[in-house]
Structure formats: structure tokens, C-alpha cells
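For reference, the structure is listed below as C-alpha cells.
Here, each number is a calculation from the coordinates, and none is a lab measurement. Everything numeric here is computed off the predicted structure, so don't read it as measured data. Cβ: placed from backbone, ideal geometry, glycine included. Neighbour counts: every protein chain shown.
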Amino acid sequence: MLIVRSIRLFAALVAMGLSWGATIPLMKTAVSTGHKPLGLIVWQLLIAVCVLSVYCYAKNIKPRTDRKSLLHYLVIASLGTLLPNSFSFFAIAHIPAGVYAIIIASVPIFALLIALVLRLEGFSLIRMLGVLLGITAIALLIGPDASLPDPDKAIFVVIALMAPLCYGVEGNYIETQNHCNYNPIATIYGASIVGLILAVPLALAIGSWVDLTQTFGSAEIALICSSFIHTAVYVSYVWMVNISGAVFAGQVAYIVTISGVFYSAILLGETYSGWVWASLALMICGLALVQPRDIHSEQSVKQL
């Protein structure tokens with residue numbers, strides 16, 4: 001029975017990673033017709049709210065509405081969606097989707113560096129080596145002329161790095177709030193509602209609104225598909241964390257990055273230089289070293 005449950009968990013992890021990886025070329029397609037980031041985020045949040053409304057109603061989950069919880073939702077909405085997705089949509093319009101997939105894998109590296117600054121983590125030579133490998137991986141994307149189709153696009157690699165930086169800050173913030181016992185699904189739901197309330201007037205004010213009634217082609221289909229996939233996988237990820245622990249669930253990053261690179265090559269016809277493949281290899285090695293050393297002691301994956 002233990003082996004069967006273990007296989008099921010790993011199968012679920014792989015399915016999550018493959019699904020999440022598919023959102024990367026879909027994001028690239030969504031911005032291909034010139035849609036502005038904030039307008040895309042509005043629809044992404046609206047779909048998330050609709051899906052989570054059904055889920056929370058079925059599970060009788062209700063987000064808290066006290067002042068402290070609303071502030072919590074605001075932070076999660078800002079660091080988990082509004083800011084990182086704005087950077088992501090803007091950057092991915094200018095760089096290959098496969099390169100973006102490698103960049104987004106740096107989330108654990110940023111999270112560790114921030115945790116060290118905040119003294120939430122202790123210094124580890126092995127994990128710092130992982131950070132250095134991750135930095136080298138990014139340097140390979142920016143430095144050599146052959147890494148990007150256009151060397152002038154290197155600035156967009158830096159912009160894309162703002163997304164994993166936001167996620168790294170978010171992860172450390174959430175860790176500092178563990179004592180509040182927030183329901184993770186209710187938090188995502190509440191943050192999606194708050195994010196939507198903020199995003200709609202902002203998108204209208206700066207002319208970033210995306211009107212799906214005027215045109216509905218491959219970009220719009222990609223947006224809707226990626227939004228549904230992201231929401232479904234996000235809920236699945238929270239479920240995985242609850243039953244297997246954050247360390248085990250965090251291994252999904254490997255699958256997302258690798259599948260994102262190959263999906264982009266297959267679906268978008270992207271080709272990569274040797275520098276990009278070297279960057280991918282270094283980033284994967286960096287991720288492996290950055291992971292906490294107690295990865296196998298997390299109650300044997302919570303006894304599966």
C-alpha cells in the first residue's frame with residue numbers, strides 16, 4: 001500500500017509539472033498579438049476566482065474577512081500575481097519561452113538568499129554552491145552572444161528575474177505568517193478576489209484592458225487555457241503540500257522547467273544554442289543543491 005501511494009504521489013507530481021510547464025508557451029502565445037500584461041492578468045484572476053468559487057463552495061471553505069486577513073490577501077495578490085505576472089508577461093514577449101522557463105526556476109535560489117538575509121535559514125556551503133550555479137546559469141543567458149537571438153534582449157532577462165524575486169519574497173513572507181494558520185485555498189481565493197479588484201480599474205486606467213469580445217484567436221485561447229491550468233495546478237500544489245510536505249512538493253520545479261523548455265521547442269518551434277542548454281543544466285544542478293538537506297526526512301513524505 002505504501003508503494004502504491006508513493007507511486008501515486010510521484011505520478012501526481014509529474015502531472016502537475018507537465019501541466020504547469022505547458023503554461024509557459026501558452027503565455028508566450030497570449031502576448032503574441034500585443035495584449036498588455038495587466039489586461040491579461042485581469043482575465044487570469046477572473047478565471048481563478050470563478051474556479052475557486054466553485055471549489056470553495058463545494059468544500060465549504062470561506063476566506064477570513066478581518067482586517068489582518070485582508071492585508072494578508074493584498075500581500076499575496078501583489079507578490080504572487082500582480083507584480084510577478086506583470087514582469088513575466090512583459091518579458092516573455094521579448095525572449096524565448098524556453099529561456100523564461102529557465103529563469104523562473106530561480107525561485108528557490110531567491111527564496112534562500114532572502115531567507116538568509118532575514119535569518120530564517122542558516123548558512124550552508126552546499127546550498128550556497130547551488131546559488132552560485134543558479135547565478136552562473138543566468139549569466140550564461142545574458143552574457144554570451146549566442147544565448148539569445150538578439151543580444152539587445154538581455155535586459156528582458158533581467159526584467160524576467162523580477163518574477164522569481166517576487167515569488168521568493170512571497171515564500172518567505174508566507175513562512176513568517178505560518179503562526180496565523182491561514183487556510184491555503186482560502187488564501188488563494190481571497191488573494192485572487194483582492195487582486196481582481198485592484199487589477200480591473202488599473203487596467204482600464206492605463207489602457208491595458210483586453211476585450212475578448214472583439215477578437216478571439218489563438219492568443220485569447222492560450223490565455224484562457226493557461227489560466228485554467230494554472231488555477232487547477234495551484235490548487236493541486238497546495239493539496240500536495242498538505243499531504244506530502246513543502247520539500248517534496250517543491251520538486252515540481254524541475255519538471256516545470258524541463259517541460260517548459262521542451263514544450264516551447266516543440267510547440268513554438270524555438271531553437272536554443274549550446275549556451276542555453278548549458279544554462280538549463282546548471283540551473284537544474286543549482287536547484288538540486290539549494291533544496292533542504294532533510295528532503296528525505298520529512299516524515300518519509302508524511303508517511304505517504
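For the ranges 190-197, 124-131, what's the packing order if you count other beta-carbon atoms within 10 Å of each residue, average per peptide, and put the highest first? Don't skip to the end; give the middle numbers.
Working: 190-197: 22.8, 124-131: 15.6.
Packing order, densest peptide first, comes out as 190-197, 124-131.
What value in Å³ per residue do you get for the convex hull of the alpha-carbon atoms in the range 19-81? Mind dumping the intermediate values first?
Numbers: hull volume 6.6 nm³, N = 63.
Per-residue hull volume (Cα only) is 105 Å³.
Give, in whole angstrom and from largest to smallest, the semi-axes √(5λ) of the equivalent ellipsoid of the range 26-137, with λ running over the eigenvalues of the Cα gyration tensor. Let's see the in-between values first.
Numbers: eigenvalues 171, 119, 28 Å².
They are 29, 24, 12 Å, listed largest first.
Loop-only chymotrypsin sites (Phe, Trp or Tyr not before Pro) in the range 170-264, please: DSSP not H, G, I, E or B, and at most 12 other Cβ atoms within 10 Å.
Hits after loop and neighbour filter: 216.
Could you quote the convex hull projected area for the range 195-260, Cα atoms only and averaged over all directions, in nm²?
Averaging across all directions leaves 6.4 nm² for the Cα convex hull.
Pairs of alpha-carbon atoms within less than 8 angstrom and 6+ residues apart define the contacts here; what relative contact order does the chain have, in percent?
For the chain, the relative contact order is 42 percent.
Hey, any idea what the orientation-averaged projected area of the convex hull of the range 176-286's Cα atoms comes to, in nm²?
Here the figure is 10.5 nm², rounded to one decimal.
Relative to the present Cα-Cα distance, how much length would full extension add between residue 273 and residue 59 at 0.36 nm per residue of separation?
Here the segment from residue 273 to residue 59 would lengthen by 72.3 nm.
Need the list of lysines near residue 153 for cross-linking: C-alpha distance under 18 angstrom, and skip anything on the same chain fewer than eight residues off.
Excluding near neighbours in sequence, the set is 28.
Which residue, 81, 33, 257, tops the fluctuation ranking in a GNM of the chain built on C-alpha contacts under 10 Å?
33
Which whole-number percent is the relative contact order of the range 100-241 (Cα, under 8 Å, 6+ apart)?
28
To the nearest Å, what is the center-to-center distance of the range 217-286 and the range 34-74, using C-alpha atoms only?
22
Dipole size in debye (nearest 20) for the range 2-302 around its Cα centre, Lys and Arg Cβ +1, Asp and Glu Cβ -1?
Magnitude of the dipole: close to 800 debye.
Using only helices, what value at 222 nm comes out for the chain when you add -39,500 (n - 2.57) per DSSP H run of length 4 or more and divide by the total residues, to the nearest 500 deg cm²/dmol?
After summing the helix terms and dividing by residue count, I get -24000 deg cm²/dmol.
So for each of 89-98, 280-289 I average, over its residues, the number of other beta carbons within 10 Å; can you give me the resulting order with the highest mean first?
Descending mean neighbour count gives 89-98, 280-289.
Give me the base-10 log of I(q)/I(0) for the range 2-302 at each q in 0.08, 0.13 Å⁻¹, Debye formula, one uniform scatterer per Cα, rounded to two decimals.
Listed by q, the Debye log ratios stand at -0.34, -0.95.
Highest first, please rank the peptides 43-50, 265-272 by the mean number of other Cβ atoms sitting within 10 Å of their residues.
43-50, 265-272
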